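The values are calculated or read from the model by the stated rules, or taken from the named source; none is laboratory data. The shown structure was predicted, so the numbers you read here are calculated from the model rather than taken from an experiment. Cβ: placed from backbone, ideal geometry, glycine included. Neighbour counts: every protein chain shown. Protein only, heavy atoms only, side chains kept; ligands, DNA and RNA dropped before computing areas. Shrake-Rupley method; radii C 1.70, N 1.55, O 1.52, S 1.80 Å.
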Amino acid sequence: MINIKLGKLAMAVGAMCLSTAAFAQTSAVYTIDPTQLKATVQPTMYGVFFEDINMGADGGLYAELVKNRSFEFDRNLMGWTIKGDSSAVKVIDRKTERPDNPHYIKVAASTQGIMLVNEGFRGMGIRKGEAYNFSVIARQPAGGNVTLQLQLLDESGKVIGTASVQPKSAEWRKFKVSIPASAQAAKGSLAVVVQGKGTIDLDMISLFPQRTWKNRENGLRADLVQMLADMKPGFIRFPGGCIVEGRYLVNRYQWKKTVGDVDKRETIINRWNTEFKHRSTPDYFQSFGLGFMEYFMLAEDIGAEPLPILNCGMACQFNSGELVPVDQIDPYVQDALDLIEFANGDASTKWGKLRISLGHPAKFNLKMLGVGNENWGPNYVERWTLFRDAIKKKYPQVKIVTSTGTDPDGARFDTLNTAFRKLNADILDEHYYRPPQWFRDNAKRYDSYDRNGPKIFAGEYAAHVPGVDDALKKNNLEAALAEAAFMTGLERNADVVNMASYAPLFAHVDAWQWAPDLIWFDNLKHYGTPNYYVQKLYSLNKGTNVVPMLLNGQPIAGQAGIYANATVNNKSGELLIKLVNVSGNSQNADLNIKDLNKYQKTAWVTTLKNAKPNAVNSLAEPQLVSPVDSQVSITGDKLAIAAEPYSFKVIKLKLK
Ligand code: AHR
């Protein structure tokens, strides 16, 4: 029962106008019954969506500092400046011999040296006291005497690290040397001075921080992976997103071209290079240094189930919409079957053997994969059916994630939703990029979904606050709270909703195309948005079972601006309550918890709040809106919580 201290009139006024001060003293009684275990919350419930957008991979998570290391960008020397006689550097085309890596450079050395400077991805982040691993694939004719003098430069061009390497080999060979950095640079660069007598051929000029995630070669940025690991995500969806589809089929994502030797992974243009005119990024290409093996290992490292999404024989329908005729779809379907074998096969299988040869004897235990990203229409259903039949025949236990199109409603959605329910799809992938109001209004979206139909994957979502400049939609607290409010509904319906992920995940502050995004970074630093903290708090406190939390016998989904849900963790004996106040008023919540006396007399409360709903985090103020822990003593027969304006709380009680 609701307990309105100001009486019915105040409730009516407050309900009509959330921001009126009249509602400020409202206190409501929410009943929670932790003894009634309802839906099971899947371990996969909260995960992450990764796509190479906003320089999320090249220039971001992938720790390579050299841009255009193999001279494969449309302009072969993009990212490189030649100091000295520029005619000394020639780009050589060897397309026929090496279609996977068709270019390298031939440099005529000189006594004073030809200097090649790589600008990195909007500069290179260099840390004082750390070492940087330089490598190059090179050859020089026998008898040549060319040395590479290497310099780390800060933003003013001052040398902050040196090393040299003499690549003496008439055949292509990899040479490596480590360069210690004596100072920090946020926008540093790498100079390669080609000195001596003769010519030298250079390819795959690379520089990595020695300190990558788990100190792996060809590794990932440790600070960014840590942000993901801290979320303990239930799954990682990769590699996208629209990048799966490609503008044209020729630049769709092809996983087989992303495993094995890095220099054999064909670089292609990133579709986000040209997607948005107002955010054109001409230097955005995909090196695939972060490829499928790295994705699987990342998933394993952070304890997340891998969820690859594959092209279904259709290029992006917002772009070319190219279609693979159904009688030519076999290679696409085969890619899916081979991927499962790559992840789960043993040494007797072709693709399992490849995984093992890449240093990973253990299986990745792939349980699900997506067929198509945001595809729609009858062509999609037709192609999906062919994939489904082949995958289920060979791997009946593998669940297929299926697109419901670009939007959570409308004709595309309705048609696919009906078709795939008839086809008994395993998991439907719903996407919603909508204003905060949509999220607040849709907290009950899944209350009425068919309990016996396909499971739901809220595969891409984010509340988009209209900005002054529409492209610069902010990751502000209002958006984060709208998502938190909506997520009470995802969690309450955990019997139907098995997975959810915010999108996109990463954005470089100087090179983004799409905003908002969960985590922002520059070359040295990063910060989590308020939205990140919402995702993290849900993920760390998901519990194992939903338990009833009601107001007047109803789910709490916006009454007086409050959204709430409760779960228990039946392993740890914790009761976990999420309480979101999207209103500008302080609200008193009396939590009437069954068997309260079985719990310890302290509640652990984590609060994300700010007096201003438009508050944002930034590189300068990364923690402005971030969770704060507190404790509340339980004195009477209820737990009294004050939900501050614009706040999200996770309240944890522990069994005695
Ligand atoms: O997350 C950004 C994009 O939004 C994804 O690539 C696509 O699937 C969706 O349209």
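Quick look at the values:
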{"item": "Selection count, the stretch 292-346, where residues are assigned to a strand (DSSP E or B) and either within 15 Å of the chain's Cα centre (by Cα) or within 16 Å of the ligand (Cβ to nearest atom) (or both)", "result": "7"}
{"item": "Unmet criterion (only one of (1) modelled with pLDDT of 95 or more; (2) surrounded by 12 or more Cβ atoms within 10 Å (Cβ to Cβ); (3) more than 25 Å from Ser156 (Cα to Cα)) for Thr96", "result": "(2)"}
{"item": "Failed item in (1) surrounded by 19 or more Cβ atoms within 10 Å (Cβ to Cβ); (2) within 13 Å of the ligand (Cβ to nearest atom), with Asp407 passing the rest", "result": "(1)"}
{"item": "Residue among Tyr446, Tyr461 that alone is more than 16 Å from the ligand (Cβ to nearest atom), assigned by TED's automatic domain parsing to the domain that holds Leu518 and open to solvent by less than 10 Å² (accessible area, probe 1.4 Å)", "result": "Tyr446"}
{"item": "Which numbered condition Pro516 fails, given (1) away from the ligand (no atom under 16 Å from the Cβ); (2) within 30 Å of Ala63 (Cβ to Cβ); (3) open to solvent by less than 20 Å² (accessible area, probe 1.4 Å)", "result": "(1)"}
{"item": "Residues being within 30 Å of Leu524 (Cβ to Cβ) and in a strand (DSSP E or B) - total across the stretch 610-642", "result": "2"}
{"item": "Hey, Tyr532 closer than 30 Å to Phe285 by Cα, open to solvent by less than 10 Å² (accessible area, probe 1.4 Å), within 15 Å of the ligand (Cβ to nearest atom) and not basic (Lys, Arg) or not", "result": "no"}
{"item": "Residue among Met16, Met11, Met1 that alone is at pLDDT below 95, crowded, with 16+ Cβ neighbours inside 10 Å and more than 16 Å from the ligand (Cβ to nearest atom)", "result": "Met11"}
{"item": "Leu323, sole failed condition from (1) farther than 17 Å from Val371 by Cβ; (2) open to solvent by 40 Å² or more (accessible area, probe 1.4 Å); (3) touching a residue at least 40 places away in the same chain (Cβ under 8 Å)", "result": "(1)"}
{"item": "Within the stretch 58-76, tally of residues that are more than 22 Å from Pro209 (Cα to Cα) and either in contact (Cβ under 8 Å) with a residue 24 or more places away in the chain or touching a Phe, Trp or Tyr at 6+ places or on another chain (Cβ under 7 Å) (or both)", "result": "4"}
{"item": "Selection from the stretch 410-444 of residues that are assigned to a loop (DSSP other than H, G, I, E, B) and either at negative phi or touching a Lys or Arg at 6+ places or on another chain (Cβ under 9 Å) (or both)", "result": "Leu423, Ala425, Asp426, Pro435, Asn442, Ala443, Lys444"}
{"item": "Any hit, the stretch 482-498, residues being more than 27 Å from Asn417 (Cβ to Cβ) and within 16 Å of the ligand (Cβ to nearest atom)", "result": "no"}
{"item": "Pairs where the first residue, in the stretch 236-262, is not assigned by TED's automatic domain parsing to the domain that holds Ile309 and the second is at pLDDT below 95 and within 11 Å of the ligand (Cβ to nearest atom), C-beta under 9 Å, 6+ apart", "result": "none"}
{"item": "Residue satisfying condition, being open to solvent by less than 30 Å² (accessible area, probe 1.4 Å) and on the phi < 0 side of the Ramachandran plot, within set Ile329, Ile269", "result": "Ile329"}
{"item": "Residues located in the stretch 239-291, provided they are touching a Pro at 6+ places or on another chain (Cβ under 9 Å), assigned to a helix (DSSP H, G or I) and away from the ligand (no atom under 16 Å from the Cβ)", "result": "Trp255, Thr258"}
